[in-house]
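For reference, the structure is listed below as structure tokens.
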Amino acid sequence: MALTVMNLNVEQITRLGLSQPAAIALAQRINELSSSLTTEKLWQVISKDILTLNHPFELHLFLFDAVFFNWDSSKGPPPAWIPTDEIITSTNITSVMRELNIKSYDELHQWSIQNRDSFWELMINRLNIQFKVAPSEILDTSSSSESPRWLTSAQLNIVDSCFQADKDAIAIIAQPEDNNIISTTYGELEALTNRVANGISDAGFVTGDSIAICMPMTTECVAIYLGIIKAGCVAVSIADSFASDEIALRLKIAKCVGVFNQDYISRGGKELPSYEKIVSADGPAAIVLSSNNSETVKLRDGDLEWNAFLSDKLQFESIPRSPDDHSNILYSSGTTGEPKAIPWTQTTPIKSVADAYLHQDIHEGDRIAWPTNLGWMMGPWLIYASLINKASMGLYYGVPTGKGFGEFVQNAEITMLGLVPSIVKAWKNTNCLSGLDWCKIKAFSSTGESSNVSDMLYLMSLAGYKPVIEYCGGTEIGGGYITGTLVQPSSPATFSTLALGLDVVILDENAGEVDNGELFLIPPSIGLSQDLLNRDHKEIYFDGTPRDKSGIALRRHGDQMERLGGGYFRAHGRVDDTMNLGGIKISSAEIERALNQVEGVSETAAISVSPPEGGPESLVIFTVLEQAVSLEKESLKRQMQNTIKNNLNPLFRIYDIVLTDALPRTASNKIMRRELRTEYRG
């Protein structure tokens, strides 16, 4: 392999923040190393032995670009982390390969998609999924690959698989904002889960009832989620950040007969009312937890305070369910202005846990943190990925963008940290994590929105250069379809593999295979949804899609993906009118529905745009004002932002407003948002 020839300029290095003596010493050492090391090895030495968090990140980025200046892109994007033989040998993937006598990762992936029933049987056995009645068959595609039957004739309750760790092992490490860490053992969590399940039964709820959870991700929230499912009911996940109208819509779609809630939510030093949003939403009977706020809330008739609801009985026999029975209802963006209600079945979590086991390489005793909420799929994912893999989950109750969260990661000794790229950008912009020791982290994972090289390289540097497992999928997948591994090099902001057990094709508008286009899934897979509560599932995912070479109907997903050299991929956002804002999926129609009510506004078109270098999407609103109305742009932006806060979600931030005389439309009067995106980037 060719060696890297370096000739670092001392003046350039001093401009990046080093003193002249330090710059001279650094340049001399790297120039000497470059004469005897390959490009990859040189960067490994620089990143592991030379660069530290005391060096300005601009220097890290400069050296990364300098080392890989002449990199051959046909080999893929430059690797910022390369696994050692020791790391590769220790992974779950390598263990699976040994069992199957498979010699390479590529061969393993091919085996997993060519033998899908055997692959999922292997994972079910490795994860020790518990059955009350074992399946007679893993996969039955006799009807169609679009609607296969999984685990024929089986009976199970997925919560039974969550409590196989030692009773004294740590299940949850939690920290309220500005407070001490509290640990909960598996035995304690199971007891609390059983008290919830008994309370549900005592309150008169019956098997199949939909019960919502609209509260922060706390230890109690996890036990409530598991207790609902263990009692044979369906957990309906609603993000507590939504406004009352959006909460009401989700409660109605799922026909909820109860809701768990908290009186106030502590966030960033503020106490935000939560129970009153349930009241305003005219929600069903509520079980209300206290946030220990000095104020007390008066409950409606029929609502229960948490301690009055909670049973004293510590044992509960889980209710048997069929594999395709609903366990959880989650919501994702819908192009009609109403969110899609996506059911998770008793089998969906198997996909989440298998991904974590294989791709994030979660082992028994690991500690996983992922700032999230039950309203997004990563909330349930975190619960199952931690507990069924016998790991611990880290829950921080405060805002994750400040130093407090970084200290929690350090003190809780987190080994795998997941996040959305917007959080990384906030850390990088404020340098709030200086002085922290994240040496326990083995890997990061990033999902929810597109990332860029600079931010992900910064993230890797926070733990002495550990890999970032990019993870892209969806609520209707139960996990990811494209990701990374710890047996392959990690290149910032790119994917190194399709998820094991899944295959895709990338097509152009004429259904021809291309390296940059719309991505379609090739079913079947455990985790892929087969119905929606408020949509025609076949119409959404299969109508009008082409078939693959073997005649299987391709499944629409809506992501634009680029195939790079060396088997890598890069995401380019959505091809439809869905956007990711801070890791939350929402459709243009949902935002427009709210903003079209602003006084003086005739109509709007909401689009998202990504920076040229990649990264999180920003919300841009094209606006047509009513005739003879004149509004100052900044004033209109404030009104619109306030409308989004009160009617949708305060986490959605408007980046820009463009005033226009008219919106481009198709012959059938549909807004041409793709044209607006092109115009704005123009």
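The values are calculated or read from the model by the stated rules, or taken from the named source; none is laboratory data. No experiment lies behind these values; they were computed from the predicted model shown. Counting neighbours? That spans all protein chains shown, and the Cβs are built from the backbone with ideal geometry, glycine included. The protein model used for the area step is the full one, side chains on, heavy atoms only, and it has no ligands, DNA or RNA in it. Shrake-Rupley method; radii C 1.70, N 1.55, O 1.52, S 1.80 Å.
Pairs of Cα atoms in the stretch 582-640 fall into 5 Å distance bins, from 0 up to the last occupied one, in shares of 4, 17, 26, 22, 15, 10, 5, 1 percent.
Using a cutoff of 8 angstrom between alpha carbon atoms and counting only pairs six or more residues apart, the relative contact order for the stretch 593-653 works out to 34 percent.
Bridges between two residues of the chain, per DSSP, are antiparallel at a rate of about 60%. Considering every alpha-carbon pair of the stretch 422-495, the percent of pairs per 10 Å bin, from zero through the bin containing the longest distance, is 19, 50, 26, 4. Other residues within the sphere of radius under 13 Å centred on the Cβ of PHE542, judged by their own Cβ, net out at -2 (K and R +1, D and E -1). Using a 1.4 angstrom probe on heavy atoms only, work out the carbon and sulfur share of the accessible area of the stretch 1-111 in %. For the stretch 1-111, the apolar C and S fraction of the accessible surface comes to 51 percent. Kirkwood hydrodynamic radius computed over the stretch 144-184 comes to 14.3 Å, based on all pairs of distinct alpha carbons.
Taking Cβ atoms as reference points and 13 Å as the exclusive limit, the residues near GLU626 contribute a net charge of -3, counting Lys and Arg as +1 and Asp and Glu as -1.
Within the accessible area of the stretch 118-251, the carbon and sulfur atoms contribute 41%, probe 1.4 Å, all protein chains present.
Modelled spin labels at VAL629 and ASN54, positioned 7 Å past Cα toward Cβ, are 5.9 nm from each other. Computed over the chain, the range of Cα coordinates on each principal axis works out to 76, 72, 60 Å, biggest value leading. Surface composition of the stretch 359-419: carbon and sulfur atoms hold 40% of the protein heavy-atom accessible area at a 1.4 Å probe. D by Stokes-Einstein for the stretch 113-241, Kirkwood Rh over Cα pairs, 20 °C, 1.002 mPa s: 126 µm²/s.
Taking all C-alpha pairs of the stretch 25-133, those more than 23 Å from each other amount to 52 percent. Relative protection proxy for 252-260, 325-333, from highest mean packing down: 325-333, 252-260 (other beta-carbon atoms within 10 angstrom).
One equal scatterer on each Cα of the stretch 547-677, no solvent, Debye formula: the resulting log10 I(q)/I(0) at q = 0.09, 0.13, 0.15 Å⁻¹ is -0.33, -0.62, -0.78. Every helix of 4 or more DSSP H residues in the chain counts as -39500 (n - 2.57), and over all residues that averages to -9000 deg cm²/dmol at 222 nm. Here each label is just a point 7 Å from Cα along the line to Cβ, and for SER118 and SER153 those points are 2.3 nm apart.
Cross-link check: pairs LYS255/LYS633; LYS549/LYS585; LYS255/LYS585; LYS340/LYS442; LYS298/LYS351; LYS103/LYS466 evaluated at a Cα-Cα cut-off of 30 Å; pairs beyond the cut-off: LYS255/LYS633; LYS549/LYS585; LYS340/LYS442; LYS298/LYS351. With an a/c value of 1.5 or above and a/b larger than b/c for the gyration tensor axes a ≥ b ≥ c computed over the alpha-carbon atoms, the stretch 338-488 is described as prolate.
Taking each of LYS403/LYS440; LYS270/LYS403; LYS403/LYS645; LYS41/LYS425 in turn, the alpha-carbon distance tops 21 angstrom for LYS403/LYS645; LYS41/LYS425.
Global size of the stretch 313-422: 15.9, 45 Å for Rg and Dmax (C-alpha atoms, Rg to one decimal, Dmax whole). Percent of C-alpha pairs per 10 Å bin in the stretch 215-348, short distances first: 11, 40, 36, 12, 1.
The Rg/Rh ratio of the stretch 521-610, with both radii computed over alpha carbons and Rh defined as the Kirkwood radius, is 1.05.
Against the compact-protein benchmark of 2.2 N^0.38 Å, the Cα-based radius of gyration of the stretch 323-386 scales to 1.24. Cα gyration tensor of the stretch 467-555, axes a ≥ b ≥ c as square roots of the eigenvalues: rounded (a/c below 1.5), prolate (a/b > b/c) or oblate? In terms of gyration-tensor shape, oblate.
Classify the stretch 170-287: rounded, prolate or oblate, from the alpha-carbon gyration tensor (a ≥ b ≥ c, eigenvalue square roots; a/c under 1.5 rounded; otherwise prolate if a/b is larger than b/c)? Oblate is the answer for the stretch 170-287, as a/c is 1.5 or above yet b/c matches or exceeds a/b.
Per residue, the solvent-accessible area of the chain (1.4 Å probe, heavy atoms of protein chains only, all protein chains present) comes to 40 Å². The calculated FRET efficiency for ASP140 paired with MET672, based on their beta-carbon distance and R0 = 30 Å, is about 0.10. Counted residue by residue at 0.36 nm each, then reduced by the alpha carbon distance between them, the extension gain from ASN9 to GLU509 reaches 175.2 nm. Taking Cα centroids, how far is the stretch 22-45 from the stretch 436-514 in Å? Cα centroid of the stretch 22-45 versus Cα centroid of the stretch 436-514: 28 Å apart. With Cα atoms as the point set, the radius of gyration and Dmax of the stretch 475-628 evaluate to 18.0, 63 Å.
Structural size metrics of the stretch 161-201, computed from C-alpha coordinates, are Rg and Dmax of 12.0, 36 Å. Each Lys or Arg adds one and each Asp or Glu takes one away; over the other residues whose Cβ falls under 15 Å from the Cβ of PHE69, this sums to -2. In summary, the lysines within cross-link reach of LYS167, defined as a Cα separation below 22 angstrom excluding same-chain residues under 8 places away, comprise LYS132, LYS230, LYS313, LYS390.
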